[in-house]
Amino acid sequence: MPIEIDQCLRQISNSNDMETGRGITLVAHDQWSDYLAGLSAFQQAQIAQKPTPIKANTLIELTAEDGRAGPCLWVCDQNLTKEEAVWSFAQICAAVPAGTYHFTDTSALHLGAAALGWLLENYQFDRYKKVDANTIKCLTLPQDPTVDEAITAAEAIALGRDLINTPANDMGPDQLEATARELATQFNATLSVTMGANLEKDFPAIHAVGKAADIPPRLIDLTWGDDTAPKVTLVGKGVCFDTGGLNIKVANYMTLMKKDMGGAASVLSLAHMIMASGMKVRLRVLIPAVENAISGNAFRPGDVINTRKGLTVEIGNTDAEGRLVLCDALTLADEENPAIIIDMATLTGAARVALGPDLPPIYSRFDKDAAVLLEAGTQVADPLWHMPLWQGYMENLDSSVADTNNVTDDAFAGSITAALYLSKFIRPETKWLHFDVFGWSPKKRPGIAKGGHIMAVRAIYKGLEKLI
Ligand code: BES
Ligand code: ZN
Ligand code: ZN
């Protein structure tokens with residue numbers, strides 16, 4: 001965690017101690033004129049200097065009569081009583097200058113949303129560039145269980161963002177494994193790793209993609225919880241760098257490819273939330289960790305490779321490597337018949353073309369499971385969009401020399417056909433959800449730093465128990 005949580009958030013049990021630092025008073029936009037009329041002439045005179053009319057989502061900083069910093073007013077048109085208000089609180093945090101704050105009236109606020117929005121806005125990636133301590137904003141909130149949950153979520157999301165932001169020279173398969181190992185130690189989980197000859201024998205597609213790299217490919221397998229509880233298996237694409245392989249990417253498409261382990265970062269983030277909460281599940285996290293590199297022994301376009309499932313795959317494009325590493329991990333996941341399999345992957349550029357960087361497509365064979373997660377996503381302001389596993393496009397993956405191709409020979413419906421490819425490796429009756437996440441925020445927004453972006457994870461966490 002780049003910024004220590006207790007530097008940005010303090011929970012106070014005694015309400016007399018609440019009033020540390022500057023107060024922020026929330027004023028509903030439609031009650032602004034009445035509120036203004038009740039202020040002192042000194043304060044009204046300060047507000048008269050501001051451009052009128054005062055718009056919603058504006059911060060007004062008042063100066064006290066002795067010249068010191070006075071209270072802050074936040075004019076708002078949003079409902080801050082619900083969990084979905086998280087980004088509004090992040091916006092407030094973004095607007096105030098560095099310092100220590102409290103809300104003058106917390107009685108109607110969703111304290112967990114306030115804490116999470118505040119913490120996410122304070123996130124900075126400081127591995128290579130130190131954070132200026134003078135930029136930290138600290139909020140005091142009354143103690144509440146939702147605040148504790150928010151702290152866990154913020155820690156989990158910071159972990160995921162850090163993993164994505166760390167470049168491939170410091171976040172290869174070795175370091176991804178080390179991170180999973182640390183998480184396993186922290187939560188008393190078990191970790192095993194398959195590599196070398198065993199990987200080649202048992203997970204031939206993961207091996208085929210990763211074999212060209214200096215750092216060996218592997219499958220990371222973490223398990224946690226009581227064996228008798230419903231089995232939840234998370235699978236995350238862990239391509240630590242995607243050059244495209246021999247079908248090499250052009251420069252501007254390769255620039256961001258350190259983020260191609262964004263699915264692995266997302267499932268580790270989700271696993272952190274699940275384990276920290278003590279959810280009654282038997283959790284398994286599978287991460288095929290590889291680099292899609294180029295060298296003399298790289299897999300080639302036209303190669304036919306085997307998979308754990310026994311389906312042969314003609315390689316139409318070495319840049320469609322994510323589905324190859326995932327298909328072996330998904331096969332393993334399905335072998336123990338879990339209650340649910342959830343995979344997350346930065347799988348296609350087409351998902352971003354279809355829905356943009358902020359709205360991850362979710363694929364499910366069962367509409368009602370997708371509906372549960374969409375609803376959960378709305379509740380926590382972590383939106384998702386349900387896309388079809390349109391069977392009519394399945395034949396576009398046909399191969400004349402193997403059981404399937406890894407790509408279609410047209411450029412249509414790229415995210416759907418990638419999902420259809422994965423579906424070939426999971427039994428039809430299995431409850432399986434697939435997320436084609438972007439894993440990156442191209443720009444800074446309140447609560448969302450430019451860079452690694454953990455999406456869909458809070459939605460899944462919220463809806464998971466309804467699905468199993
Ligand atoms: N890692 C990429 C997908 C990606 C690209 C995600 C850009 C987010 C942003 C993936 O391995 C890939 O290259 N997919 C190809 C598939 C194509 C060759 C069928 C793509 O999407 O172009
Ligand atoms: Zn690729
Ligand atoms: Zn990739």
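Odds and ends about this structure:
- Region 89-194: relative contact order in percent, alpha carbon pairs under 8 Å with at least 6 residues between: 29 percent
- Sorted by Cβ density within 10 Å, fewest first, the residues C138, C240, C72, C327: C138, C72, C327, C240
- Contact order normalised by residue count of region 147-252, Cα under 8 Å, 6+ apart, percent: 27 percent
- Ranking of I362, I157 by count of other Cβ atoms within 10 Å, fewest first: I362, I157
- Computed lengthening from E182 to V401, 0.36 nm per intervening residue step minus Cα-Cα distance: 74.5 nm
- Label-point gap, in nm, between A41 and Q379 - each point 7 angstrom along Cα→Cβ: 5.3 nm
- For the pair H29 and L311, the difference between a 0.36 nm per residue extended length and the Cα-Cα distance amounts to 95.4 nm.
- With both residues required to sit in the chain, DSSP beta bridges show an antiparallel share near 40%.
- Note on region 339-468: antiparallel DSSP beta bridges, both residues inside, total approximately 45 percent of the bridges counted.
- When M455, M257 are sorted by how many other C-beta atoms sit within 10 angstrom of their C-beta, beginning with the fewest, the order is M257, M455.
- Count of Lys pairs (Cα-Cα under 19 Å; at least 8 positions apart or interchain) in region 342-468: 5
- Mean projection area, nm², convex hull over Cα of region 329-467: 9.0 nm²
- Cross-link pairs beyond the 32 Å C-alpha cut-off, checked among K280/K309; K258/K309; K130/K231: K130/K231
- J(HN,Hα) series, region 106-113, from Karplus relation 6.51 cos²θ - 1.76 cosθ + 1.60, nearest Hz, glycine and proline x: 9, 4, 9, 8, 7, 5, x, 5
- Against the chain, whose longest principal axis comes from its Cα atoms, helix 414-423 is set at around 60 degrees.
- Contact order for the chain, expressed relative to its length and based on alpha carbon pairs under 8 Å spaced 6+ residues apart, stands at 16 percent.
- Under 5 Å between amide hydrogens, built in the peptide plane, is the criterion, and for L433 it picks out I341, I342, D343 among residues at least 5 positions away or on other chains.
- Residue-averaged 222 nm ellipticity for the chain, from DSSP H runs of 4+ at -39500 (n - 2.57), nearest 500: -10500 deg cm²/dmol
- Counting 0.36 nm for each residue step from K431 to D202 and taking away their Cα separation leaves a gain of 80.1 nm.
- Point-to-point label distance, L59-D126, nm (Cα→Cβ direction, 7 Å offset): 1.9 nm
- Site pair Y253 and A371 shows an inter-label distance of 3.8 nm when each label is modelled 7 Å from Cα along Cα→Cβ.
Every read-out reported here was derived from the displayed coordinates using simple, explicitly stated rules and does not represent laboratory data. Please read these numbers as outputs of a predicted model, since none were measured by experiment. Ideal geometry is used to build each Cβ from the backbone, glycine not excepted, and the neighbour counts take in all protein chains shown.
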